[in-house]
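The values are calculated or read from the model by the stated rules, or taken from the named source; none is laboratory data. Every value quoted in this text rests on a predicted model; they were computed, and no experiment measured them. Because the Cβ atoms are built from the backbone with ideal geometry, glycine has one as well, and the counts that use them run over all protein chains shown.
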Ligand SMILES: NC(=O)c1ccc[n+]([C@@H]2O[C@H](COP(=O)([O-])OP(=O)(O)OC[C@H]3O[C@@H](n4cnc5c(N)ncnc54)[C@H](OP(=O)(O)O)[C@@H]3O)[C@@H](O)[C@H]2O)c1
């Protein structure tokens, strides 16, 4: 049988539109699968990669982090997957730089420890919202020792347990504040933390309070409420649990000002950010920046994601918004992502 033809949405130069064109058909190496993509998702990082070429190691580039589709080929040593399996996967072009590891193609190489079987009941379009967000959430919650996020910036190390399938999860007696509870990474961190028995208090847009509760937050406060700091501090105190700190999934000067005010009132704690944290934090604040490609997530990928999807412990949230079908829609989806989204993940079907 003739090999299928691969195509990709290529970035040939920073700051230029993606160009759809032929691409070599990837080959699965040891510990890898090749996925025939049925859906890919857009992340804010992708816009940044396109605009300034950050993380691009090889031109022309194929980037993108989230895929869902069918296994086309497995590497020689691969046991967990076989051809035809329905999967979701986290594509790692971000660290490898290899074009075959980018999601924005018809076929993508995924490391087996960043992939999981997608239950039949879940569509590719829904499932594709999960991969990058899951790995980010594990990096937020479970790193035990600080690593390096970028030169001079360490990662946070909250050292919290992995999520469990027990329902409800036994309480750990700890409270974490999630700033940006309706964002993709904020809502997935809320889901995994809740499943690890952590009490979550989140901060989201007024129209997304119920959405964040659906992800597991016990209490949610409007980020535009002028008394949001007071309300969060009160809520943490009322929880009666040990205060872990804040995961800031937004990480702007405004959110940092709120974070530091909350931490000051609660005696300090962790400040885990999606971007470099504020420069001068008090000594009782342990600040760090997430770097969301890390093998700390392997046990979650291998043992948790599939059964959690099956029983609804991981919900495919925020829900997808389909921008179109075909690689040529990825450029339009990137434009929409740059304009901003609210409690949804932009998806292109293939
Ligand atoms: N360092 C890493 O490894 C890493 C990994 C993944 C993501 N990131 C970064 O993390 C950020 C979030 O990514 P994402 O994919 O989760 O984004 P996203 O889903 O596109 O974020 C959109 C959400 O942000 C919320 N939001 C915006 N301003 C807010 C504010 N002031 N307070 C509370 N919520 C606010 C909006 O909430 P409402 O509509 O409810 O107002 C909206 O639902 C991006 O900057 C991304 O680049 C970093």
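Table for the structure above
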| item | result |
| --- | --- |
| Scan of region 90-113 for residues that are touching a residue at least 40 places away in the same chain (Cβ under 8 Å) and in a helix (DSSP H, G or I), ordered by number | 94, 95, 99, 100, 112, 113 |
| The listed residue being closer than 21 Å to residue 321 by Cβ, within 16 Å of the ligand (Cβ to nearest atom) and not in a strand (DSSP E or B), out of 63, 55 | 63 |
| Members of region 160-193 found to be at negative phi, crowded, with 24+ Cβ neighbours inside 10 Å and in a loop (DSSP other than H, G, I, E, B), listed by number | 163, 181, 182, 183 |
| Candidate set from region 239-249 (those that are surrounded by fewer than 20 Cβ atoms within 10 Å (Cβ to Cβ) and part of a loop (DSSP other than H, G, I, E, B)); member that is farthest from the ligand (Cβ to nearest atom) | 240 |
| Candidates 160, 143, filtered to the one that is touching a helix residue (DSSP H, G or I) at 6+ places or on another chain (Cβ under 6 Å), more than 20 Å from residue 232 (Cα to Cα) and within 14 Å of the ligand (Cβ to nearest atom) | 143 |
| Residue within region 314-324 that is within 13 Å of the ligand (Cβ to nearest atom), assigned to a loop (DSSP other than H, G, I, E, B), within 19 Å of the chain's Cα centre (by Cα) and free of Cβ contacts under 8 Å to residues at least 12 places away in the same chain present | no |
| Exclusive hit being within 24 Å of residue 143 (Cα to Cα), modelled with pLDDT of 95 or more and not in a helix (DSSP H, G or I), set 236, 281, 220 | 281 |
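Conditions (1) surrounded by fewer than 20 Cβ atoms within 10 Å (Cβ to Cβ); (2) away from the ligand (no atom under 12 Å from the Cβ); (3) more than 27 Å from residue 163 (Cα to Cα), marked per residue:
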residue: 201; (1), (2), (3): no, yes, no
residue: 224; (1), (2), (3): yes, no, yes
residue: 266; (1), (2), (3): yes, yes, no
residue: 271; (1), (2), (3): no, yes, no
